[in-house]
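Following: one structure in structure tokens, then a few remarks.
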Amino acid sequence: MDRPLEIAFHNLQASESVEAEIRRQVKRLEVRYGHLTGCRVSVEALHQQHQTGNLFEVHVTMSVPGRELAVSRESHHARERHAHPDVYTSLRDAFRAAEKQLEAYKSRQADHTLAPSESAGALAGQIALIEPGADHGFLIDNVGTQLYFHRDSVTNGRFETLKRGDPVHYVAGSGASGPVAIKVRLVSGPA
């Protein structure tokens with residue numbers, strides 16, 4: 001991930017074992033989807049009930065190039081499935097739903113990032129400039145026009161590995177200061 005994992009606890013004490021479980025689950029998400037750029041997880045204790053157990057609500061917000069995917073696992077879902085839900089049950093349910101949502105997003109992205117011969121609207125170009133330490137770069141099209149692109153626009157490969165001259169396919173759009181590439185796909189073979 002490009003940004004560190006954010007974990008928040010509301011109405012309950014932070015727990016090293018719960019944090020360890022969250023980190024383990026996020027690692028699983030990263031394995032499933034290599035372009036996960038960030039993740040926020042919040043765990044909230046809703047009620048302090050001594051006889052039926054505490055209820056926990058878990059929110060997982062995953063950042064992927066160009067957007068965020070959010071999953072909320074409300075406590076009543078855990079209550080319906082388990083006699084005595086605990087925080088680990090709620091975490092497991094939330095991350096299972098997050099994994100499903102990430103897989104669905106991944107399959108939609110695969111449909112949208114096909115090669116130009118398979119996808120109308122994609123154009124050919126090459127990387128013109130990546131400034132060290134910056135989160136953006138420029139590509140040049142076949143008529144010499146430079147287009148800005150943000151690191152989150154890269155749909156395959158890693159932004160950090162791009163270098164001048166790399167062939168790409170892109171989808172053009174308009175930005176406030178001129179043409180931009182809203183999706184950039186690194187060409188894996190000869191251009």
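None of the figures in this text is laboratory data; all of them are computed from the coordinates on show. Note that the structure is a prediction, hence the values are computed from the model and not measured. No Cβ is skipped: glycine too gets one built from the backbone with ideal geometry, and neighbour counts run over all protein chains shown.
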Using 1/(1 + (r/R0)^6) with R0 = 45 angstrom and r between the beta carbons of LEU12 and THR145, what's the FRET efficiency to the nearest 0.05?
-> 0.25
Which of ILE140, ILE22 has the fewest Cβ neighbours within 10 Å, and the rest in rising order = ILE140, ILE22
Sticking with the crude label model, points 7 Å out along Cα→Cβ, report the distance from ALA104 to GLU30 in nm, one decimal please.
-> 2.6
